[in-house]
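Working notes, structure below.
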Amino acid sequence: MAAYLIPQCMAYGELAGVGPVQGLWAILPALLIYTLLGMSPQLSMGPESSTAVMTAVAIAPLAATSDTSYLMLASLLACAVGLLCVVGYEARLGFLADLLSKPILIGYMTGVAVIMIAGQLSRVSGVPIEAESVAGQLMEFWSHLNQAHGPTLAVGGFVLVFLFAVQARFPRAPGPLLTVLLVTVMVALLGLDQQGVRVVGEIPAGLPHFVVPLASRPEVLQILAAAVGIVIVGYSDNVLTARALAARQGHTIDANQELLALGIANLGGGLMQGFPVSSSASRAAIGDSMGSQSQVYSLVAFGVVLGVLLFLRPLLALFTTAALGALVIFAATKLVDIPEFLRLRQFRQGDFALALATTVGVLATDLLVGVAIAVGLSVIELFARIARPHDAVMGRVPNIPGLHDIKDWPEATTIPGLVIYRYDAPLFFANAADFKRRALAVVEAEATPVEWLVVNTEAIVEIDITAADALVELYEKLRRRGVTLALARVKQDLYAQLKRCGLLDLIGTEHIFFTLPSAIDGFHQRQQP
């Protein structure tokens with residue numbers, strides 16, 4: 001893991017505009033703090049591509065017109081991200097992560113995997129690729145394939161074959177570590193770096209020191225505005241990756257605790273001359289593929305990074321970037337869960353479509369917009385199901401206790417003059433009119449005259465004012481037809497709301513029942529002279 005993250009974090013430092021060594025500085029507090037505060041045994045906290053790019057976009061124009069140094073502004077941005085996360089933790093905003101359903105997790109990780117693979121095509125082949133979008137990268141790779149660098153392509157291909165072979169034959173063997181050692185020996189013996197194969201090269205030395213970043217008030221305000229976007233992207237990526245890994249391993253993730261861990265990690269990085277960080281799906285995937293079950297691997301990586309910065313910098317100088325790219329591609333393949341897609345399709349087409357929409361959204365836009373699209377679709381689908389839920393007329397089934405949907409049991413019988421109607425959703429503004437229409441429809445559909453309509457409210461925990469008005473209208477229409485409205489399985493919260501809005505006086509307490517049998521008894525007793 002350390003052999004992978006060291007050159008990766010150096011690259012992200014350059015991407016953020018602060019320099020390679022700052023990428024290594026940023027990983028140190030992140031690894032240590034997440035080990036203490038984080039929930040996921042597999043997640044790797046530190047520099048990653050999205051937040052690095054957003055840091056450069058936010059800081060570059062500000063630094064061009066400011067007397068404050070670029071590094072100071074980047075550190076201040078990390079502190080701002082950390083403070084916003086801590087405020088979100090105190091406000092218990094982690095619940096927002098509950099909008100990220102399992103189909104979204106599956107689709108998101110697939111989209112991330114494709115982005116990871118597309119981003120490494122140039123590294124493993126030597127094909128020049130300048131496009132930033134996934135589609136552009138794939139098109140450039142295909143159209144410029146004749147420009148591939150032979151030795152680089154050979155190294156990348158060899159590493160991929162080696163990794164998959166080791167996984168298939170020796171699944172518990174440390175394939176990535178063996179790859180680092182093997183490729184380093186190949187470069188030294190064959191002189192691949194002299195044949196145009198790019199290597200990591202010299203790793204800069206030095207350790208960060210504690211600095212409180214300061215800037216003018218206008219700069220702080222601009223930094224805070226940029227920090228909001230980074231928090232959204234960073235936290236979404238963090239909790240999505242953590243939950244996806246947890247779902248595979250059977251762990252539980254506290255989304256609010258993840259918000260705190262992300263915040264303290266960024267505060268620590270900002271005070272140690274770092275820049276904003278989040279989780280790395282590629283590093284987490286490598287750890288997961290090796291069978292990591294705890295954050296011990298992060299502590300070991302922390303120690304190795306320290307050792308490299310102080311003593312061991314020459315060891316990774318001969319490792320090729322093509323092998324790094326192949327490691328990323330290998331890790332990305334672990335994020336694509338085809339069996340889960342098939343299971344979603346078999347279970348429910350809506351969930352399958354949501355997973356595909358998330359994947360397409362992530363690939364067609366970016367991580368944040370893709371997740372936002374998926375969450376929006378998920379909420380729309382949820383409202384659609386609640387606004388037009390299943391309903392049932394209930395009756396008795398021979399030899400089966402209780403009351404059941406007469407559509408499910410052809411032999412079911414109802415009580416003449418009594419309709420017991422169940423509406424399988426909470427009652428609120430979005431479905432109040434639908435409830436009233438369908439309740440009247442079941443009364444009209446009865447062959448014998450209806451005397452009582454009993455609404456089974458087991459799914460109606462509470463109502464809003466729109467639903468209350470709909471119940472009043474239903475009561476009035478039924479009364480004009482000579483039909484009594486009664487409610488059964490009424491919970492205390494609903495009973496209190498009926499009393500507050502005056503419905504209890506209209507319906508009458510004698511028509512409120514806490515069980516279905518008592519409602520049936522009430523119907524029979526009121527028929528007696």
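The values are calculated or read from the model by the stated rules, or taken from the named source; none is laboratory data. If you're wondering where the values come from, they're calculated on a predicted model, not measured in any experiment. Here Cβ is always computed from backbone atoms with ideal geometry, including for glycine, and neighbour counts include all displayed protein chains.
Hey, can you tell me all the residues within region 415-439 that are modelled with pLDDT of 95 or more and assigned to a loop (DSSP other than H, G, I, E, B)?
Passing the criteria: none in range.
Pairs, please: C-beta under 8 Å, at least 6 apart or cross-chain, first residue touching a residue at least 60 places away in the same chain (Cβ under 8 Å) and in the same structural domain as Pro449 (by TED's automatic domain parsing) and in region 479-506, second in a strand (DSSP E or B) and of a type outside the set (Asp, Glu)?
Every condition considered, the pairs that remain are Ala488/Ile420; Ala488/Val454; Ala488/Val455; Ala488/Asn456.
Output the number of residues of region 39-59 satisfying the condition of being assigned to a helix (DSSP H, G or I), out of contact with any Phe, Trp or Tyr (no Cβ under 8 Å at 6 or more places or on another chain) and not polar (S, T, N, Q).
Final tally of qualifying residues: 5.
Hey, which of the helices (runs of 4 or more DSSP H) in region 216-323, taking only ones fully inside, have at least 1 residues that are free of Cβ contacts under 8 Å to residues at least 12 places away in the same chain?
Working: elements: 217-249, 255-271, 281-289, 296-307.
In region 216-323, the matching helices (runs of 4 or more DSSP H) lie at 217-249, 296-307.
State all residues of region 283-317 that are in contact with a Lys or Arg (Cβ under 8 Å, 6 or more places away or on another chain) and surrounded by 13 or more Cβ atoms within 10 Å (Cβ to Cβ); if no residue qualifies, say none. It would help to see each step written out before you state the result.
Quick first cut of region 283-317, residues in contact with a Lys or Arg (Cβ under 8 Å, 6 or more places away or on another chain) only: 285, 288-289, 291.
Within region 283-317, Ala285, Asp288, Ser289 qualify.
Condition check ((1) under 30 Å from Leu221 (Cβ atoms); (2) modelled with pLDDT of 85 or more) across all residues:
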| site | (1), (2) |
| --- | --- |
| Ala74 | yes, yes |
| Cys85 | yes, yes |
| Ala97 | yes, no |
| Leu105 | no, no |
| Ala131 | no, no |
| His144 | no, yes |
| Val161 | no, yes |
| Phe164 | no, yes |
| Leu181 | no, no |
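Given (1) surrounded by fewer than 14 Cβ atoms within 10 Å (Cβ to Cβ); (2) in contact (Cβ under 8 Å) with a residue 12 or more places away in the chain, where does Trp409 come up short, assuming only one miss?
(1)
If a residue has to be surrounded by fewer than 17 Cβ atoms within 10 Å (Cβ to Cβ) and either touching a strand residue (DSSP E or B) at 6+ places or on another chain (Cβ under 9 Å) or assigned to a helix (DSSP H, G or I) (or both) to count, how many in region 167-192 make the cut?
Our first condition is that a residue be surrounded by fewer than 17 Cβ atoms within 10 Å (Cβ to Cβ); within region 167-192, this holds for 168-174, 177-178, 181-182, 185, 188-191.
If we keep only those that are either touching a strand residue (DSSP E or B) at 6+ places or on another chain (Cβ under 9 Å) or assigned to a helix (DSSP H, G or I) (or both) as well, we get 168-169, 177-178, 181-182, 185, 188-190.
Counting residues in region 167-192 that are surrounded by fewer than 17 Cβ atoms within 10 Å (Cβ to Cβ) and either touching a strand residue (DSSP E or B) at 6+ places or on another chain (Cβ under 9 Å) or assigned to a helix (DSSP H, G or I) (or both) gives 10.
Working only within region 463-509, note down all residues that are acidic (Asp, Glu), within 38 Å of the chain's Cα centre (by Cα) and loosely packed, with under 15 Cβ neighbours inside 10 Å.
Within region 463-509, just Asp493 meets the criteria.
Say whether the condition of being part of a strand (DSSP E or B) and on the phi > 0 side of the Ramachandran plot is met by at least one residue in region 400-414. Reasoning before the result, please.
So in region 400-414, the residues part of a strand (DSSP E or B) come out as 400-405, 413.
Filter once more, keeping what is on the phi > 0 side of the Ramachandran plot: 402.
Yes, region 400-414 has at least one match.
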